[in-house]
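These notes are about the structure you will find just below.
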Amino acid sequence: MREYMKNLGTIMMMIALSNMLIPEGGIKKFASLATGFMLITAAVAVVPKNVSEFSFSSPAYTFDEKRMEEAEEKYRQQVMENHRENLENLIEENFVHSSKAQVEIDKEGNIEKVTLYVCGDESRAISYIVNELKFPRERITVVYEKN
């Protein structure tokens, strides 16, 4: 591989030198095209015919399935947590008073239960949940709190 890189570097230097010596004009464009093809040919010349000749035996390239599954699970949990928080924020935007919403979701991200901690009339927020989020009114719990 070292020899290949050395030869490729030599070819590149010869091409650069020849491009400096060729006078400006139409011939320079043709010469640049020809030397570009020569460089590509030299670079591709050592690519193996069979992909199986490449071997990645270094431990850095090993695939640890357990770690990958753990990373996927952690990512999925983070996505679900962000989804839950976004739902709570959407509901809280419809509150008139300083009320809070608590949303519980299942593994697929569907709403299972909504609990509203309200300080006044929050029918607008309930209407939003039922009409916009298409969540049944029977599964919304309203807890009235004192200011």
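The values are calculated or read from the model by the stated rules, or taken from the named source; none is laboratory data. Note that the coordinates shown come from a computational prediction; the quantities given were computed from them, not determined experimentally. Methodologically, a virtual Cβ is constructed for each residue, glycine included, from the backbone with ideal geometry; neighbour enumeration extends over all protein chains shown.
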Subject >> Failed item in (1) more than 13 Å from I140 (Cα to Cα); (2) in contact (Cβ under 8 Å) with a residue 24 or more places away in the chain, with E112 passing the rest >> reply: (1)
Original post:
Would the stretch 85-98 turn up any residue that is more than 35 Å from the chain's Cα centre (by Cα), of a type in the set (G, A, S), assigned by TED's automatic domain parsing to the domain that holds I126 and modelled with pLDDT under 80?
Top reply: yes
